[in-house]
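Single-structure report; data block below.
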Amino acid sequence: MIGQRSRTSTAGGAHFAFTDRWGGVSAVPYEELNLGGAVGDDPEAVRTNRELAAKFLGLDAARVVWMNQVHGAEVAVVDEPWGDRPVPVPEADAVVTTRRGLALAVLTADCTPVLLADPVAGVVAAAHAGRPGMVAGVVPAAVRAMTGLGAEPGRIVARTGPAVCGRCYEVPEKMRAEVAAVEPAAHSETSWGTPAVDVTAGVHAQLERLGVRDREQSPVCTLESGDHFSYRRDRTTGRLAGYVWLD
């Protein structure tokens, strides 16, 4: 069973889930439920953790689509898991599907995981919105891909998961200005009075402009929470996951 601080919800046949760090088998410094396969953890432990998380969510671990995330804005439309294909998994920071029962997953450890669903059209998406991806427009790109498959922004349900908050994400003043020039809502200040960026606020502002009204944001700041992985806090650490799928 994955951690008690994991969160799941449903909306019109769409399912959303965000994990915490507990209930898995990984050893320090990845303890326990590390779901990231490219952070230095034992691959067998990661495989077991992914199976445990899928079982808890009522999913088939072999029917979960993971991404090769690179902090960009590329979107991949999928209808099956990557499996054992002879070609590498393409670089993408958002995945979209119309295949019911196929779960899409996004890995984070401070970045904002974004889960989107239009249950009426039968379209879901998962996006990885770090600071560079938010600026590049990965979330609007995901919404455009969804609308190209029949989704309507007014019907899209959006859920953002645990991420570093704007009170903790300290950046140089020049970087804050560059980000705010693209997305003013991301302009922030740390609790100790220095320049900061609020990626989640930027994502929600983008969704608002696109006409996505049904939005919820996790109250968890990963840097502040010992129940969640944080790259900014620990550097060598595991990865959380967000999952979205349709019945």
Max mean-square fluctuation residue, GNM over the chain, Cα-Cα springs under 10 Å, options ASP93, ASP234, ASP110: ASP234
Helix-only CD estimate at 222 nm, as mean residue ellipticity for the chain, using -39500 (n - 2.57) per DSSP H run (n ≥ 4): -7000 deg cm²/dmol
Relative intensity, log₁₀ I(q)/I(0), of the chain from a Debye sum that treats every alpha carbon as a point, q = 0.16 Å⁻¹: -1.13
For the chain, built as a Gaussian network whose Cα springs stay under 10 Å, the top-fluctuating residue of TRP22, TRP82, TRP192: TRP192
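Readers should treat all values here as calculations from the given coordinates under stated rules, not as data from a laboratory. Quantities reported herein were computed from a predicted structural model and do not represent experimental measurements.
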